[in-house]
Amino acid sequence: MRKVIALGGAALMTALSITSVRAAEAPAKIQKDCAVCHQMSGPASPDLAARQTRKGPPLFFTGNKFRRDWLEAWLQKPTRIRPAGDFAPDHAAKGPEGDAVDAASLSGHPAVDAPAAKQIADYLMTLTPNTALLAKEDYTPGRVSARIGAMDFVKFKGCSGCHKDTPKYGGFSGPELHTAWQRLQPPFIVSYIRDPAAWEPRTLMPNKHLNTAGIHKLANYLRTIGEKPEKAK
Ligand code: HEC
Ligand code: HEC
């Protein structure tokens, strides 16, 4: 299944070519190119239909969400983050053992060359409307063992119903989290788990009303698995 998804992505990656432009023109061009599928300026819509029909996740708080080095690298070589796309019901099919991902219905993400990736990352990292949300968090990354962390993530907190914590295990309706630590700013991880709707009013992620220690434990687990990508694969 995963191989099919990866191949589909590779085939489509070259379909769109996005190149860098003169610095002064970059913001307008990026806004235009990416707005085809992404919300590029806030605030997020509270409309449920808009969430269900959007073509991609919002990018207007990129500077509050992603690690810049990850972003620049990913734009050049995008890999699938949401195993069943941005709205899983559109890409789920009945399989012999329940719901499965309908890989053929997914397309890959457009890739850009290195100069364009730098230009896009430079611009998107300036989009920081939610700095105040991050400032509420006081998180110093700590440690949790992979075994204890996995038990917590899977059994006690029920995150694996929707998220993968290894490429093999977990649900497919949410973004995979085995590379979350490389992808996301730690305060964003903590803030999103605490109150997903503060980021996206129509998020499909439930608010589990966890206490701060519980949230930090989950973030530490994402660190544990994310800092050892070669073992998670
Ligand atoms: C044809 C629609 C389409 C276009 C055009 C497009 N994207 Fe995307 N983008 C998506 C989809 C769908 C996803 C979710 C992919 C996944 O989760 O695997 C995505 C994901 C992303 C992500 C990760 C977001 C997250 O929250 O995980 C970034 C960053 C991104 N796109 C940047 C861009 C930029 C920059 C442009 C313009 C140069 C662009 N995209 C153009 C459809 C598109
Ligand atoms: C019912 C499914 C579901 C459950 C259960 C769930 N999530 Fe989510 N989560 C999602 C979806 C879906 C998103 C993306 C928001 C969207 O697409 O509307 C998300 C987003 C996230 C993000 C942001 C990731 C990104 O790249 O944008 C983090 C971090 C996260 N979840 C952590 C957790 C943790 C930790 C748990 C367990 C306490 C959990 N989630 C439980 C569905 C779920």
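Quick notes on this structure:
- Cross-chain or 6+ apart pairs with Cβ under 7 Å, the stretch 144-173 first and under 15 Å from residue 88 (Cα atoms), then polar (S, T, N, Q) and within 12 Å of ligand 2 (Cβ to nearest atom): 162/173; 170/160; 171/160
- In the stretch 103-117, the residues that are surrounded by 15 or more Cβ atoms within 10 Å (Cβ to Cβ) and either closer than 19 Å to residue 38 by Cβ or over 20 Å from the mean Cα position of the chain (by Cα) (or both): 106, 108, 109, 110, 111, 112, 116, 117
- Boolean, residue 200 is under 17 Å from the mean Cα position of the chain (by Cα) and farther than 28 Å from residue 97 by Cα: yes
- Of residues in the stretch 55-68 being more than 9 Å from ligand 2 (Cβ to nearest atom) and part of a loop (DSSP other than H, G, I, E, B), the one surrounded by the most Cβ atoms within 10 Å (Cβ to Cβ): 61
- Of all the residues in the stretch 179-210, those that are of a type in the set (Lys, Arg) and more than 16 Å from ligand 1 (Cβ to nearest atom) number 2.
- Single unsatisfied condition, residue 72 versus (1) away from ligand 1 (no atom under 13 Å from the Cβ); (2) out of contact with any Pro (no Cβ under 8 Å at 6 or more places or on another chain); (3) in a helix (DSSP H, G or I): (1)
- Residue count for the stretch 182-206 satisfying the condition of being assigned to a helix (DSSP H, G or I) and either under 19 Å from residue 88 (Cα atoms) or of a type in the set (Lys, Arg) (or both): 4.
- With respect to the conditions (1) crowded, with 16+ Cβ neighbours inside 10 Å; (2) hydroxyl-bearing (Ser, Thr, Tyr); (3) within 23 Å of residue 179 (Cβ to Cβ), residue 20 lacks only one, and its number is (3).
- Any chance residue 56 is within 8 Å of ligand 1 (Cβ to nearest atom) and either at pLDDT below 95 or closer than 22 Å to residue 176 by Cβ (or both): yes
- Residues that are of a type in the set (Lys, Arg), within 18 Å of residue 170 (Cβ to Cβ), in a loop (DSSP other than H, G, I, E, B) and within 16 Å of ligand 2 (Cβ to nearest atom) occur in the stretch 76-88; there is at least one.
- From the list 131, 224, 212, the one residue that fits, being modelled with pLDDT of 95 or more, surrounded by 18 or more Cβ atoms within 10 Å (Cβ to Cβ) and more than 24 Å from residue 85 (Cβ to Cβ), is 224.
- Check on residue 27, in contact (Cβ under 8 Å) with a residue 60 or more places away in the chain and part of a loop (DSSP other than H, G, I, E, B): no
- Among the residues listed as 99, 122, 138, the single one being of a type in the set (Asp, Glu) and assigned to a helix (DSSP H, G or I): 122
- Hits in the stretch 146-181 (condition: within 11 Å of ligand 2 (Cβ to nearest atom), outside any loop (DSSP other than H, G, I, E, B) and in contact with a helix residue (DSSP H, G or I) (Cβ under 8 Å, 6 or more places away or on another chain)): 149, 152, 153, 154, 159, 160, 170, 180, 181
The values are calculated or read from the model by the stated rules, or taken from the named source; none is laboratory data. Computed from a predicted model, the values in this text were never measured in an experiment. With ideal geometry, Cβ positions are generated from the backbone for all residues, glycine too; neighbour counts draw on all protein chains shown.
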